[in-house]
Ligand code: 13P
Ligand code: SF4
């Protein structure tokens, strides 16, 4: 492992490369990353970076987002088929159909989506920015795609808008049941429950705080609590422990709180990506241009 870490560090320097890693990646991947963050932070840091090569240790839509926001530079995905199943739960034809049904509505698309869907959208959102952005949209009616759970959470927070939901969901978060949380609370009294908005409405009712992964990091950094039950993908407990080593982080024992695609990324695949320059993320220029509009608007409206 030490040899892998040394070789990655040397290649990063030699090639003017940085590694951006999502909080759901493996602990050893987070440990060699230049930035560990949620999907919004990774997009912002990619856009603001001057590195010639950006290795996106995350799933494909994150690499595509980085590539669209950094034209002229190289974005590498360590594993080409690290996909997010949620991102494939709506097609561009379905978006066109919805737009025809609701011609006055804005289309807000979660970044967990394909480039083609982004290209048809008025704005992209992430879990940390969705509420603010939807609130700031000039339209009252909003088509929210593809995640039904994040969309229903936004609808609860922004009651002045009419939100039309699509049926997509994250397989990791959608299967968590209210009882999974209640059982954990019984076992760990006094723990504060932090939950991702991709959980269902019924499960969200059991949370103390509904937060994006970046929001969880921010709350833990305040060091106001000493015991947490974490209701999202398990990789984040490593990130959280780094920010408050004295606190106790309990992972929910619900089966499969594990994003198989995020876990495909290993130190070996990062080394190979840097060494061989593979796999370069490419997006057709006409689609990239339209998707860049929705992504840039996400950065603008998040205030
Ligand atoms: P964040 O926006 O919190 O990083 O979440 C991305 C994601 O894929 C959640 O499952
Ligand atoms: Fe996609 Fe869910 Fe994995 Fe996030 S946790 S990348 S939404 S499958």
On the basis of being touching a helix residue (DSSP H, G or I) at 6+ places or on another chain (Cβ under 8 Å), closer than 29 Å to residue 174 by Cα and part of a strand (DSSP E or B), does residue 107 make the cut? yes
What tally of residues in the range 167-184 results from selecting those that are buried (at least 19 other Cβ atoms within 10 Å of the Cβ) and within 16 Å of ligand 1 (Cβ to nearest atom)? 6
Among the residues of the range 56-68, are any in contact with a helix residue (DSSP H, G or I) (Cβ under 8 Å, 6 or more places away or on another chain), more than 16 Å from ligand 1 (Cβ to nearest atom) and closer than 24 Å to residue 134 by Cβ? yes
Taking the range 140-168 and keeping only residues that are over 19 Å from residue 210 (Cα atoms), more than 16 Å from ligand 2 (Cβ to nearest atom) and in a loop (DSSP other than H, G, I, E, B), one is left with 140, 160, 161
Can you pull out the residues in the range 77-102 that are part of a helix (DSSP H, G or I) and free of Cβ contacts under 8 Å to residues at least 60 places away in the same chain? 87, 88, 92, 93, 95, 96, 97, 99, 100, 101
Going through the range 64-95 in order, the residues found to be within 12 Å of ligand 2 (Cβ to nearest atom) and under 14 Å from residue 273 (Cβ atoms) are 82
So how many residues does the range 279-303 have that are part of a loop (DSSP other than H, G, I, E, B) and crowded, with 17+ Cβ neighbours inside 10 Å? 4
Among the candidates 17, 27, 21, 47, residue that is touching a helix residue (DSSP H, G or I) at 6+ places or on another chain (Cβ under 8 Å) and within 14 Å of ligand 1 (Cβ to nearest atom): 21
Out of all the residues in the range 31-65, which are free of Cβ contacts under 8 Å to residues at least 24 places away in the same chain and in a strand (DSSP E or B)? 35
Answer yes or no as to whether residue 131 is under 21 Å from the mean Cα position of the chain (by Cα), within 30 Å of residue 284 (Cβ to Cβ) and outside any loop (DSSP other than H, G, I, E, B). no
Selection status of residue 132, over 25 Å from residue 114 (Cβ atoms) and away from ligand 2 (no atom under 16 Å from the Cβ): no
Within the range 39-56, the count of residues that are within 12 Å of ligand 2 (Cβ to nearest atom) and either over 20 Å from residue 115 (Cβ atoms) or more than 11 Å from the chain's Cα centre (by Cα) (or both) comes to 0
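Read-outs throughout are calculated quantities, based only on the coordinates presented, and are distinct from any laboratory measurement. Treat the numbers as computed from the prediction; the structure is a model and nothing was measured. Because the Cβ atoms are built from the backbone with ideal geometry, glycine has one as well, and the counts that use them run over all protein chains shown.
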